[in-house]
1. Residue check: is S136 crowded, with 21+ Cβ neighbours inside 10 Å, among the small types (G, A, S), in contact with a Leu (Cβ under 7 Å, 6 or more places away or on another chain) and at pLDDT below 75?
2. What's the number of the condition G240 fails, among (1) open to solvent by 10 Å² or more (accessible area, probe 1.4 Å); (2) at pLDDT 85 or above; (3) in a loop (DSSP other than H, G, I, E, B)?
3. How many residues does region 293-338 contain that are of a type in the set (D, E, K, R) and surrounded by fewer than 21 Cβ atoms within 10 Å (Cβ to Cβ)?
4. Under 6 Å between Cβ atoms, which residue pairs at least 6 apart in sequence (or on different chains) link something in region 308-326 that is within 11 Å of T382 (Cα to Cα) and part of a strand (DSSP E or B) with a partner that is modelled with pLDDT under 95 and not β-branched (V, I, T)?
5. Looking for something farther than 18 Å from L244 by Cα, open to solvent by less than 50 Å² (accessible area, probe 1.4 Å) and at pLDDT 85 or above - is there at least one such residue anywhere in region 185-201?
6. Which of the residues spanning region 339-353 are free of Cβ contacts under 8 Å to residues at least 24 places away in the same chain and surrounded by fewer than 15 Cβ atoms within 10 Å (Cβ to Cβ)?
7. Which condition from (1) on the phi > 0 side of the Ramachandran plot; (2) assigned to a strand (DSSP E or B) is the one that F289 breaks?
8. Restricting attention to region 356-380, which residues are more than 14 Å from L408 (Cβ to Cβ) and open to solvent by 60 Å² or more (accessible area, probe 1.4 Å)?
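The values are calculated or read from the model by the stated rules, or taken from the named source; none is laboratory data. If you're wondering where the values come from, they're calculated on a predicted model, not measured in any experiment. Every residue, glycine among them, receives a Cβ derived from its backbone with ideal geometry; neighbour counts consider all protein chains shown. Calculation scope for accessible area: heavy atoms of the full protein, side chains included, ligands and nucleic acids excluded. Shrake-Rupley method; radii C 1.70, N 1.55, O 1.52, S 1.80 Å.
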Amino acid sequence: MMKMEFTAIGSSLILSLAITFMCGVAEIAPGLNCRSSDKILNRKVGKRSHSVSFPLIHIYSECSPFRPPNRTWESLMSEKIRGDANRLRFLKRTSRSSKQDANANVPVRSGSGEYIIQVDFGTPKQSMYTLIDTGSDVAWIPCKQCQGCHSTAPIFDPAKSSSYKPFACDSQPCQEISGNCGGNSKCQFEVSYGDGTQVDGTLASDAITLGSQYLPNFSFGCAESLSEDTSPSPGLMGLGGGSLSLLTQAPTAELFGGTFSYCLPSSSTSSGSLVLGKEAAVSSSSLKFTTLIKDPSIPTFYFVTLKAISVGNTRISVPGTNIASGGGTIIDSGTTITHLVPSAYTALRDAFRQQLSSLQPTPVEDMDTCYDLSSSSVDVPTITLHLDRNVDLVLPKENILITQESGLACLAFSSTDSRSIIGNVQQQNWRIVFDVPNSQVGFAQEQCAAPA
């Protein structure tokens, strides 16, 4: 059991902490001046292999230009959890359409994301914010005269880049995404979200700069229209395993060897890091690797085998581990909380409630196990995720309960009628390494950012 104390914090104290944090550290990248455990690096580790690290923050971080004014962190997290329903619909729809017809012509479909980095596009460089997302492939950024794009976000101007080239309708990249042209000779793309909002624009190529690496001919979408409900709207950098993602495009595939890692920060006043390349396993001595599984019909997603979950000493089996029959567990940076198949979630919830039987659970919207812990100190049962290859992830207390706008602390798990998904709350303050060439995912606990 873990001892957990919750104390109500007034908004004035939160603001004071934020100001102290923002003013007390040096800027490590334009616009991203939260403290990070990693500095920007670009280090040659072999004749043809490099690694580069980026500071990474939550889109609603105190450091983010996309944080809505006059909103608390708790209210924004509640909004993100509500958004998981859209993410789940997207994943379910993608899985169903792929199984029915792996060759069906469908528009580019994307997830969303919650963590942002900065990437330089064009010649000369134009610095852009992009969400990172393991559930997406094709990158896109807002371009000049984009309708509906975020008014305070940087906008890419293709006319100012000497290396910008739109793809023609008959080009291979256009065919890979089933792009359309209509009356336009340029390849048009469409990114659809689970809630029905979408991004439209031109599929193009241009140089990107990662660290000191200038990489020509990177394919991405130049967004010209975002529907009104797509907010906030930085760009997106797909880290999935499908066509045209950052990992699979040449020359990034050759440069980084299909390997990356991240450490996701757990608060609004801290930063983590994204590491691309074969040195992504920065904590190799403490990493534990489980098997990475791919479903050929939906190559974007990364699957692991979640065999069981323990609540304290109560072990619960997780059914549906067979990828071929539509099972398996997705590990996803763009889903907020962990969603389990109904039988596993019900057993986990009941075991958790039983071990907190002295408290009465209260439902909050879609979360059915919430507690008022504002003035109490309670023993919170540990939760352990049991993966194959004897990898056991004992979750820290911050990865088990999440404070809602109401002030109640809720179990950060829910039920889904699709595949199970390990969300980013459970991934926070872990170094997670996606070693795609060797079909493995590594885990090591890591404090993503030093205290402010």
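1. Values: crowded, with 21+ Cβ neighbours inside 10 Å: yes; among the small types (G, A, S): yes; in contact with a Leu (Cβ under 7 Å, 6 or more places away or on another chain): yes; at pLDDT below 75: no.
So S136 does not fit the description; no.
2. (1)
3. Within region 293-338, the subset of a type in the set (D, E, K, R) is 294-295, 307, 315, 332.
Narrowing the set further to residues that are surrounded by fewer than 21 Cβ atoms within 10 Å (Cβ to Cβ) leaves 294, 307, 315.
Of the residues in region 293-338, 3 are of a type in the set (D, E, K, R) and surrounded by fewer than 21 Cβ atoms within 10 Å (Cβ to Cβ).
4. V311/P381
5. No - not one qualifying residue is present in region 185-201.
6. Step one: filter region 339-353 for residues free of Cβ contacts under 8 Å to residues at least 24 places away in the same chain, giving 350, 353.
Result: D350, single match.
7. (1)
8. Within region 356-380, S357, S358, D379 qualify.
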